[in-house]
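S.K.: Got a structure for you, questions after.
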Amino acid sequence: MTPKKQESASRKKGNSSAAPIAIAVLVIITAAVIWWFLPNILKWAENTWNNLFNLLGIGLALIAIYIIIFVVIIWRKHGSLLTRHWNKWLGAISLTFALWGLAAFIRPDLAGTFGKGIISNSQTIGILRLVGFVFLGVLLIAPRRTWHAVVLFFKAIGKSIWFLFRGIGDAIAQAMERRKAAPKPAKEIKIAKEEAAPPEIVRETPPAPSTTPATAKPPTAEVFEPKKQPSLTVGGWQLPPITTLDKPVETSVSESDVKKRADIIKEALASYGVDAEVVQINIGPTVTQFGIEPGWDIKYKEVKERDKDGNIKTRLQEVARTRIKVERITSLANDLALALAASSIRIEAPVPGKSIVGIEVPNSTFGSVNLRSIIESQAFQKILAKSKLAIALGKGAGGETVAADLTKMPHLLVAGATGSGKTVYLNSIICCLLLFNTPDDLRFIMIDPKRVELVNFNTLPHLIAPVVVDTDKAVAALRWLTEEMDERYRKFAQAGARNIENYNKSRRPGEAMPYIVLVIDELADLMMTAFDEVQHTLCRLAQLSRATGIHLIVATQRPSVDVVTGLIKANFPTRISFTLTSQVDSRTILDSTGAEKLLGRGDMLYMPTDASKPKRLQGPFLSDAEIDRLTSFWGEQRKADMVPVKFEDVSLPAAAAADSDDTLLEAARKLAEEHEQISVSFLQRRLRIGYPRAARLYDKLKEEGY
């Protein structure tokens with residue numbers, strides 16, 4: 001070892017031995033100083049504690065808790081909790097101030113000067129400050145739910161104010177109408193009776209015919225301007241705005257042309273010996289309804305009398321006066337169509353609730369009905385305020401808006417030939433439900449055997465499973481829906497609820513049971529695949545599913561008796577028919593004729609459950625661009641945790657399948673004896689069953705030696 005290294009080693013050894021001595025000396029000196037100044041230190045600590053307690057009070061404990069929490073977080077190296085959840089920490093501090101101020105209300109001597117400063121000297125200001133701290137804390141901790149609650153609160157207040165002003169406005173309008181409808185002097189009424197007044201033209205809901213008819217300007221339709229919807233719902237979904245749909249574009253009809261047609265109708269009826277007057281003209285989007293009031297059939301007799309000069313004069317004396325029969329007008333339908341140069345006309349005799357006969361003549365310019373115009377109408381908003389499943393049906397022959405509640409239908413059967421507007425109408429119903437329902441409120445099962453009509457909705461989060469295009473999978477979907485209905489009834493029994501409304505009332509937000517709407521675009525394909533099972537399942541669902549919130553919308557383009565059977569018709573009281581090819585199909589779907597005379601392109605007959613006659617409507621039109629905007633809006637919100645249901649995993653129980661196969665096994669044996677060769681598809685066609693069932697029968701026949 002070199003001399004330098006020996007010197008450095010000796011220095012280190014000396015330093016290490018001197019360090020404990022220095023520490024011991026320093027400790028002794030410090031203890032001596034503390035002992036010497038101990039009374040002063042204790043006095044200073046006591047004064048400091050009293051000052052802090054007088055200043056902060058119970059807040060010392062709250063501050064100590066926060067200091068301990070922060071030290072533990074930093075000690076465990078979880079500093080990200082302070083930055084990632086900063087809003088929750090600020091909310092907790094705001095609630096701590098509220099607790100501190102509440103303590104000042106209860107025990108001012110324990111809250112300290114700072115606590116008293118929170119509530120100030122005024123009790124009212126103190127309460128407002130506490131409420132503000134609590135609201136700020138809750139808003140920072142749960143901003144979405146708090147904001148949603150605030151929006152709902154102000155929305156309820158605004159709705160109440162709107163209804164108040166609306167009631168005042170209606171009262172003023174009624175008073176003005178009563179003032180305008182005051183009776184005229186007798187001299188004016190007499191002149192009005194003698195003059196030939198033109199019929200009343202109405203574009204919206206027509207009033208009752210007046211004793212003094214006069215040409216009235218068409219009133220503007222009453223439109224409800226919907227309020228802005230909340231940004232987020234309870235489940236975190238965002239509802240699409242009404243601006244997703246295009247603005248309505250109205251088409252006008254020349255009033256001179258309409259009055260000319262009214263004169264032609266009156267002259268044509270008079271030429272056939274029918275006395276009638278056109279008392280109302282209701283202009284609709286597709287057809288114009290002329291309200292005809294039948295005249296009188298008067299019988300006279302000749303009476304001969306002698307005058308003062310002895311000459312014989314003859315005069316006519318009225319013997320009997322009877323109202324002209326409605327059958328005389330309805331029998332002239334083809335003659336009126338010839339006189340008006342119209343393709344076809346429809347006569348509604350009489351118009352429900354009115355003492356007139358309605359003659360519906362196609363307009364010279366064919367207009368369309370925009371879905372947004374129906375949604376913004378007063379009639380639709382009234383139904384939407386009561387039910388979430390409000391659907392837009394269309395506009396009537398007089399231009400009045402017609403909407404309905406799907407929960408009261410409760411199922412809908414739609415029929416229409418190719419190109420009549422049936423699929424467009426289904427799309428409008430689906431989009432109307434999508435505008436006001438989140439996936440937490442409504443789910444869809446869509447069956448599209450044609451594979452091209454409903455596949456645009458595949459991106460919707462409302463779908464329980466992707467759009468079903470395979471017929472065998474469609475039968476499995478019906479089985480799954482039946483099992484879901486039975487499961488819901490079991491849940492109702494456990495909860496003591498009668499229907500889905502009572503069940504959801506006792507549930508928290510986000511735990512409510514959603515409605516389910518089954519949409520079938522072509523029923524004929526399913527009936528050809530598995531006739532017995534499809535008919536049995538549809539009838540059972542239609543009979544029992546209303547209380548469970550399951551509703552069916554079934555459409556077909558071939559409403560023959562082997563597709564729309566008597567059992568299906570009995571369980572679907574609400575029906576809609578578009579243009580059909582024959583009177584037989586019209587009687588099958590509506591139990592009356594008239595659908596074969598419709599114009600197409602959305603022209604339809606609507607038969608509700610509480611009506612004896614169908615009502616003519618023009619269905620809403622929805623463009624492909626509007627559908628794409630709506631589906632894209634919902635598709636962007638699709639959640640990753642939404643797992644679709646696999647319908648192919650659902651199958652019939654083994655016992656039920658065996659029993660159903662045994663019923664057709666004898667028929668399959670007869671077919672095997674009558675034909676030299678048979679196949680699975682042959683059994684499927686002849687027995688009208690699905691492929692799995694036909695394959696099982698085919699295997700049994702092979703085992704028996706056929």
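The values are calculated or read from the model by the stated rules, or taken from the named source; none is laboratory data. In this text, all values refer to a predicted model and were calculated from it rather than measured experimentally. Here Cβ is always computed from backbone atoms with ideal geometry, including for glycine, and neighbour counts include all displayed protein chains. These accessible areas exclude ligands, DNA and RNA; they are computed on the full protein's heavy atoms, side chains included. Shrake-Rupley method; radii C 1.70, N 1.55, O 1.52, S 1.80 Å.
S.K.: From the protein chains alone at 1.4 Å, what is the descending order of accessible area for Arg488, Arg575, largest first?
M.R.: Arg575, Arg488
S.K.: Hey, rough spin-label estimate for Asp591 and Thr48, points 7 angstrom out along Cα→Cβ, what's it come to in nanometres?
M.R.: The modelled label-to-label distance comes out at 9.4 nm.
S.K.: Please give the solvent-accessible surface of Glu305 in Å², to the nearest 10, using a probe radius of 1.4 Å with every protein chain present.
M.R.: 90 Å²
S.K.: Here's another thing I want to ask about it. What is the calculated FRET efficiency for Lys491 to Ala92, with r their C-beta to C-beta distance and R₀ = 41 Å, to the nearest 0.05?
M.R.: 0.60
S.K.: Now, a different point. Please say if the stretch 525-616 is rounded, prolate or oblate, where rounded means a/c under 1.5 for a ≥ b ≥ c the square roots of the C-alpha gyration tensor eigenvalues, and otherwise the choice is prolate for a/b larger than b/c and oblate otherwise?
M.R.: Because a/c hits 1.5 or more and a/b fails to exceed b/c, the stretch 525-616 counts as oblate.
S.K.: Using a 1.4 Å probe and ignoring any ligands, DNA or RNA, find the accessible area of Trp296 and quote it in Å² to the nearest 10.
M.R.: About 110 Å², rounded to the nearest 10.
S.K.: I've got another one for you. Just order 591-604, 270-283, 62-75 by mean Cβ neighbour count inside 10 Å, highest at the front, would you?
M.R.: Highest to lowest by the protection proxy: 591-604, 270-283, 62-75.
S.K.: Right, here's the next one. Leaving out ligands, DNA and RNA, and with a 1.4 Å probe, what % of the accessible surface on the stretch 471-630 is carbon or sulfur?
M.R.: Its accessible area is 48 percent carbon and sulfur atoms.
S.K.: Once the other residues with Cβ under 15 Å from the Cβ of Glu267 are scored (Lys, Arg +1; Asp, Glu -1), what is the net sum?
M.R.: Net local charge, Glu267 excluded: 0.
S.K.: For Leu152, Leu239, Leu697, write out the residues from largest to smallest accessible area, computed with a 1.4 angstrom probe and no ligands counted.
M.R.: Of Leu152, Leu239, Leu697, the descending order of accessible area is Leu152, Leu239, Leu697.
S.K.: Calculate, for the stretch 253-354, the solvent-accessible area per residue in square angstrom, rolling a 1.4 angstrom probe over the heavy atoms of the protein chains.
M.R.: Each residue of the stretch 253-354 exposes 59 Å² on average to a 1.4 Å probe.
S.K.: Just by accessible area at a 1.4 angstrom probe, what is the order of Ile678, Ile119, Ile106 from largest to smallest?
M.R.: Reading off the accessible areas and sorting them downward yields Ile106, Ile678, Ile119.
S.K.: Let me ask something else about it. Would you work out if the stretch 438-572 is rounded, prolate or oblate? Take a ≥ b ≥ c from the square roots of the eigenvalues of the alpha-carbon gyration tensor; rounded if a/c is under 1.5, else prolate when a/b is larger than b/c, oblate otherwise.
M.R.: Here the stretch 438-572 falls in the oblate category.
S.K.: Another question about this same structure. So which trypsin sites (Lys or Arg not before Pro) in the stretch 270-322 pass both tests, a DSSP loop state and at most 11 other Cβ atoms within 10 Å of the Cβ?
M.R.: Loop-located and lightly packed - Lys308.
S.K.: I've got another one for you. Which pairs break 22 Å Cα to Cα here: Lys155/Lys639; Lys395/Lys597; Lys354/Lys613?
M.R.: Lys155/Lys639
S.K.: Also, I was wondering about something else. When the chain is fully extended, how far beyond the present Cα-Cα distance does His85 get from His675, taking 0.36 nm per residue of separation?
M.R.: 204.6 nm
S.K.: Taking the mean number of other Cβ atoms within 10 Å as a proxy for protection, how do you rank 429-437, 322-330 from highest to lowest?
M.R.: The packing order, highest mean first, is 429-437, 322-330.
S.K.: Between Tyr706 and Ile157, 0.36 nm times their residue separation minus their Cα-Cα distance comes to what?
M.R.: Fully extending the segment from Tyr706 to Ile157 adds 189.9 nm.
S.K.: Take Lys313 and Lys639, extend 7 Å from each Cα along the Cα→Cβ direction, and tell me the distance between the two endpoints in nm.
M.R.: Placing both labels 7 Å beyond Cα along the Cβ direction yields 9.5 nm.
S.K.: Give the shape of the stretch 365-423 as rounded, prolate or oblate, defined through the alpha-carbon gyration tensor: a ≥ b ≥ c are the square roots of its eigenvalues, a/c under 1.5 means rounded, and otherwise the shape is prolate if a/b is larger than b/c and oblate if not.
M.R.: In terms of gyration-tensor shape, oblate.
S.K.: Hey, another quick one. Quick one: net charge of Thr96's neighbours, Cβ under 14 Å, K/R +1, D/E -1?
M.R.: +2
S.K.: In the full protein assembly as shown, how much of Lys43 is accessible to a 1.4 Å probe, in Å² to the nearest 10?
M.R.: My reading of the accessible area for Lys43 is about 130 Å².
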